[in-house]
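J.: Next up is a structure, given as structure tokens.
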Amino acid sequence: MFKKIAAAIPKSVHPNIVVIGSLAAGYQLLQPGDTESVRTKDVDCVLAPRISAIDSGRTVAEKLLAAGWRPRTEDEHGKPGNAKTPENDLPAVRLYPPDSKDWFIELMTVPEPGKEAGKRWTRLELSSGHYGLPSFDFTGIAAFNANPTEFGIACARPEMMALSHLLEHREFKRVMIHGTNIKRCNKDLGRVLAIAWLSGPEVFENWVVPWGKAIRKCFPSARWAALAHNAGAGLRELLAHPDDLQQAAETCSNGLLARRSVTVENLKVTGERLLAFAVEELESWR
Amino acid sequence: MLPRIAHEEKAETGYRPAARWKNLWVEIKTQLHGFRNFRSILFEMAYWLAQNPKNRGLLVLAESRITENRLNEEMQRAARVFHPDALSRLSVAISKEGRYHGLPKNLGNEFTSWLDALVRKGSGSPPAKTRDSFYLILEILMHQWLLHKGPMTTDWLMKAVGCSYPTVAGALGRLAHVLHRSSDRKVELRNFPKEEWARLLAASDRIRSTVRFADVSGKPRPLENHLRRLEKLKIPNLGIGGVVGARHYHPNLDLIGTPVLNFSLHCPDGVMDLEFIAKLDPALKLVRDPLAPAQVIVHAVRRANAFFQPRKEGLAWADPAECLLDLQEAKLETQAGEFLEALQKRVEKPSP
């Protein structure tokens with residue numbers, strides 16, 4: 001899938017594309033044969049740096065549309081907007097490949113450094129109408145220092161995706177994923193556990209240094225210390241609630257940990273290890 | 001969290017329960033069969049709870065012949081006497097064959113593991129019973145003999161073990177057939193006390209309060225990584241024993257790899273503070289079955305002087321007598337024999 005996406009995107013913007021999410025995690029943590037088990041529907045492509053995101057986004061979207069990629073119209077904001085459409089009502093750029101409706105690509109960008117203001121939309125004017133590029137508080141962390149791939153586009157580092165989810169869910173909000181009975185925090189923190197389990201303790205006990213670099217770079221003011229201070233709060237909540245942990249484990253078994261015999265108990269101690277070996281040290285930084 | 005004694009909140013009577021889990025204070029009574037003693041401890045706990053209104057109490061009767069029915073009858077009688085508030089914060093549970101009856105609800109598995117460890121070590125019992133002191137003395141004699149330290153006085157032994165003259169004298173009397181007494185009344189082992197050592201080995205789990213931990217993560221860490229992490233954590237009073245410790249004293253030990261990590265925990269007050277295990281690796285969980293596979297094993301060293309050797313990387317080396325016991329407990333008989341022989345034959349005396 002990486003190859004397909006890279007081939008469809010103009011080479012000139014390859015350096016500005018970072019794939020994040022389960023596809024990126026699976027690409028780096030699973031054996032080639034196992035990546036088929038990552039049944040992702042959405043391939044999240046982050047356009048970075050932000051300063052060139054609009055130009056890069058326009059180049060990518062126009063090229064894909066010209067090549068027969070089709071906008072996903074099933075969503076609430078399925079149709080393109082116009083100059084009068086408020087930014088928050090603009091549809092995201094979600095495009096199906098010409099030959100399949102099994103998956104789609106979604107374009108997003110990183111927030112301005114130091115800014116933490118929830119989900120924000122940046123207008124993207126295409127020949128077919130107006131779209132929006134969403135950015136989230138911690139997308140910059142996820143895309144930080146991404147690994148290059150042989151296909152030209154980059155792949156988010158597993159530890160950075162884990163950190164972005166940890167920071168995003170410091171507060172354990174009970175918000176459901178639209179159209180499901182799955183809590184967003186269970187899915188995302190479950191992915192943290194899956195990434196940690198696949199990486200292994202020998203790897204994640206060394207995450208605290210790159211985490212520190214990323215959080216300081218993305219939040220250069222004193223804000224980084226406040227974020228680091230309770231980085232593990234949401235994960236602790238997840239581990240303390242058996243029902244949520246069970247749901248997190250189920251989402252993992254349908255994703256990164258498919259076809260692996262990883263028990264809820266395995267994931268619980270993986271979470272405890274992650275806290276003890278990395279998160280607690282990050283939280284102690286001043 | 002694992003067994004730990006808190007040092008606060010004593011009642012006017014001088015009593016304070018033995019251990020604490022959050023605001024739940026726990027007292028363990030092992031082999032308490034009579035109601036006179038039961039009432040006595042119940043009164044102590046009720047007095048204490050009356051003085052500590054924010055806390056709760058749990059009395060656990062381990063290996064007791066008191067039945068649940070008799071216990072309920074007794075608690076109904078107590079309800080007529082005790083203040084309802086104090087009694088509402090006091091629970092009494094029975095621990096029998098690894099199961100608990102009467103535990104407060106919703107305390108979780110972690111609490112049960114913590115309580116298991118507490119019950120296993122029989123918190124509240126004297127740190128070292130007289131019959132066990134004999135083995136503590138035997139271990140010190142072995143330590144001195146294995147390291148060619150020469151003879152020692154009774155007074156020195158009393159201080160090293162932390163026990164009285166009659167206890168040391170009694171032990172030396174039992175060991176007379178393997179002791180050499182010099183003209184200045186000092187003693188040392190003449191040869192390996194085979195029979196006594198075999199008895200120590202047979203009762204080793206109890207005497208050394210052995211606690212075993214197994215990895216439940218599905219991804220056990222290499223044991224060397226456990227060691228490195230412990231060095232980083234700078235855990236005090238912890239000596240490396242087992243195969244790793246034996247290799248320190250005898251580098252040519254004929255064994256490839258390290259099957260298990262053994263640690264000796266110096267706890268002269270009799271309290272094993274095992275909280276370091278959760279810091280070492282939260283995937284290590286207590287296992288009750290002594291035959292079940294374990295990655296980390298901890299033994300209590302209750303004597304006053306641990307005889308640990310400092311290590312420049314951090315932690316310490318457990319003494320060779322502990323290492324020998326670890327090898328024998330692990331059924332590494334060949335290596336244990338080789339270790340014993342190598343230390344016996346060593347001509348040079350290592351620095352203390």
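The values are calculated or read from the model by the stated rules, or taken from the named source; none is laboratory data. Every value quoted in this text rests on a predicted model; they were computed, and no experiment measured them. Because the Cβ atoms are built from the backbone with ideal geometry, glycine has one as well, and the counts that use them run over all protein chains shown.
J.: Return only the number of the condition from (1) within 14 Å of chain B (Cβ to nearest Cβ); (2) touching a residue at least 12 places away in the same chain (Cβ under 8 Å) that A:GLY200 does not satisfy.
T.: (2)
J.: Run A:ILE195 past the list (1) within 14 Å of another protein chain (Cβ to nearest Cβ); (2) over 19 Å from the mean Cα position of the chain (by Cα) and report the number of the one that doesn't hold.
T.: Every listed condition holds for A:ILE195 apart from (2).
J.: Okay, moving on. Count, please, the residues in segment A:105-133 that happen to be at pLDDT below 90 and buried (at least 20 other Cβ atoms within 10 Å of the Cβ).
T.: 1
J.: Another question, if that's okay. Could you tell me whether segment A:122-132 includes any residue that is more than 30 Å from A:GLU87 (Cβ to Cβ) and touching a Leu at 6+ places or on another chain (Cβ under 9 Å)? If you could, list the steps in order and put the result at the bottom.
T.: Keep residues of segment A:122-132 that are more than 30 Å from A:GLU87 (Cβ to Cβ), which gives none.
No, the conditions are met nowhere in segment A:122-132.
J.: Next up: Among the candidates A:PHE136, A:PHE172, which residue alone is in the same structural domain as A:ALA226 (by TED's automatic domain parsing), farther than 23 Å from A:ALA6 by Cα and of a type outside the set (Lys, Arg)? Give the steps one after another, and end with the answer.
T.: Working: A:PHE136 fails: in the same structural domain as A:ALA226 (by TED's automatic domain parsing).
After ruling out the rest, the residue left standing is A:PHE172.
J.: For segment B:299-314, enumerate the residues that are farther than 18 Å from B:ILE277 by Cα and either free of Cβ contacts under 8 Å to residues at least 12 places away in the same chain or not in a loop (DSSP other than H, G, I, E, B) (or both). Write out each step before concluding.
T.: First, pick out the residues of segment B:299-314 that are farther than 18 Å from B:ILE277 by Cα: B:302-313.
Within segment B:299-314, B:GLN309, B:PRO310, B:LYS312 qualify.
J.: Determine whether segment A:55-67 contains at least one residue that is part of a loop (DSSP other than H, G, I, E, B), out of contact with any helix residue (DSSP H, G or I) (no Cβ under 9 Å at 6 or more places or on another chain) and either small (Gly, Ala, Ser) or assigned by TED's automatic domain parsing to the domain that holds A:THR251 (or both).
T.: So in segment A:55-67, the residues part of a loop (DSSP other than H, G, I, E, B) come out as A:67.
From the residues that got through so far, the ones that are out of contact with any helix residue (DSSP H, G or I) (no Cβ under 9 Å at 6 or more places or on another chain) too are none.
No, that holds for no residue.
J.: Of all residues in segment B:138-168, which are under 18 Å from B:GLY245 (Cβ atoms), out of contact with any Phe, Trp or Tyr (no Cβ under 6 Å at 6 or more places or on another chain) and part of a helix (DSSP H, G or I)?
T.: Once the filter is applied, which keeps residues that are under 18 Å from B:GLY245 (Cβ atoms), out of contact with any Phe, Trp or Tyr (no Cβ under 6 Å at 6 or more places or on another chain) and part of a helix (DSSP H, G or I), segment B:138-168 yields B:GLU139, B:ILE140, B:MET142, B:GLN144, B:TRP145, B:LEU146.
J.: Let me ask something additional. For segment B:174-193, does any single residue satisfy the condition of being buried (at least 19 other Cβ atoms within 10 Å of the Cβ) and either closer than 30 Å to B:ALA117 by Cα or not assigned by TED's automatic domain parsing to the domain that holds B:GLY270 (or both)?
T.: No: segment B:174-193 contains no residue that is buried (at least 19 other Cβ atoms within 10 Å of the Cβ) and either closer than 30 Å to B:ALA117 by Cα or not assigned by TED's automatic domain parsing to the domain that holds B:GLY270 (or both).
J.: How many residues does segment B:250-276 contain that are β-branched (Val, Ile, Thr) and either more than 23 Å from B:GLN309 (Cα to Cα) or under 14 Å from the mean Cα position of the chain (by Cα) (or both)?
T.: From segment B:250-276, those β-branched (Val, Ile, Thr) are B:256, B:258, B:260, B:271; that's our starting set.
So of that shortlist, the ones also either more than 23 Å from B:GLN309 (Cα to Cα) or under 14 Å from the mean Cα position of the chain (by Cα) (or both) come out as B:256, B:271.
Number satisfying all stated conditions: 2.
J.: For segment B:42-70, which residues satisfy the criterion of being touching a strand residue (DSSP E or B) at 6+ places or on another chain (Cβ under 6 Å) and of a type in the set (A, V, I, L, M, F, W, C)?
T.: Our first condition is that a residue be touching a strand residue (DSSP E or B) at 6+ places or on another chain (Cβ under 6 Å); within segment B:42-70, this holds for B:45, B:49, B:55-63, B:68.
Matches in segment B:42-70: B:MET45, B:LEU49, B:LEU58, B:LEU59, B:VAL60, B:LEU61, B:ALA62.
J.: Right, another one. Across segment A:256-278, what is the number of residues that are more than 7 Å from chain B (Cβ to nearest Cβ) and of a type in the set (Asp, Glu)?
T.: The total comes to 0.
Condition check ((1) under 21 Å from the mean Cα position of the chain (by Cα); (2) within 14 Å of chain B (Cβ to nearest Cβ); (3) crowded, with 19+ Cβ neighbours inside 10 Å) across all residues:
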| position | (1), (2), (3) |
| --- | --- |
| A:GLY212 | yes, no, no |
| A:SER221 | no, no, no |
| A:HIS229 | no, no, no |
| A:GLY232 | yes, yes, yes |
| A:ALA240 | no, yes, no |
| A:THR251 | yes, no, yes |
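J.: Which strands (runs of 3 or more DSSP E) does segment B:184-298 wholly contain that include 2 or more residues that are touching a residue at least 24 places away in the same chain (Cβ under 8 Å) and away from every other protein chain (no Cβ under 14 Å)? Steps first, answer last, please.
T.: Values: elements: B:187-189, B:211-215, B:238-240, B:261-266, B:284-287.
Answer list for segment B:184-298: B:187-189, B:211-215, B:238-240, B:261-266.
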